[in-house]
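Here is the structure we will look at, set down as structure tokens.
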Amino acid sequence: MTPPKSLLVPVIDSGFPSDALSYAFWIASVSDAKVTVLQLGASGEGDATLHKQLAELHAQSPKIQFNEVQLPEQSDLGVVLVRYANAHAVDLIVQSCFRPLGLAHNMTTTISEKVLRFAECPVLCVRQAVKIAAP
């Protein structure tokens, strides 16, 4: 297996995949890969946080090439993500696969499942850290 040269990190909503993005930058730092941050849907409140994290990660590893791509809101984000990855010869998709329970969890799980089933490249699912309140 050859090291990946093109990584894709999907951002689906304002609760952007910070852990997945960190993993992607780490993989890029050891494999000399380019990172594409794919924003699916409308821009939201999380954009400022996303840009701040991108700036911090890039400051830590300035040699890493990355770009951001914004796709308009569409009905089936899982299919859109897979089509983008397949059309752009992505070597590895690094995505968040877990969110706290609720509607966002169901939406993200459905998208993750479609990506896992239909992407032509490997998919790394990163579990988001969840803090549990003390009893």
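The values are calculated or read from the model by the stated rules, or taken from the named source; none is laboratory data. Keep in mind that what you see is a predicted model, and the values were worked out from it rather than measured. For neighbour counting, all protein chains shown are included, and Cβ atoms are generated from backbone atoms with ideal geometry for every residue, glycine included.
Here is how the numbers come out for the structure above:
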read-out	value
Residue among V30, V35 that alone is at negative phi, in contact with a helix residue (DSSP H, G or I) (Cβ under 6 Å, 6 or more places away or on another chain) and at pLDDT 90 or above	V35
Tabulated pairs, region 71-86, first farther than 13 Å from I12 by Cβ, second surrounded by fewer than 19 Cβ atoms within 10 Å (Cβ to Cβ) and not hydrophobic (A, V, I, L, M, F, W, C), C-beta under 6 angstrom, 6+ apart or interchain	N86/E120
Extreme residue, modelled with the highest pLDDT, among residues of region 92-117 that are of a type outside the set (S, T, N, Q) and loosely packed, with under 15 Cβ neighbours inside 10 Å	R117
Where A42 falls short, out of the listed (1) modelled with pLDDT of 85 or more; (2) in a loop (DSSP other than H, G, I, E, B)	(1)
Conditions (1) on the phi < 0 side of the Ramachandran plot; (2) modelled with pLDDT of 75 or more; (3) exposed (fewer than 15 other Cβ atoms within 10 Å of the Cβ); number of the one not met by Y84	(3)
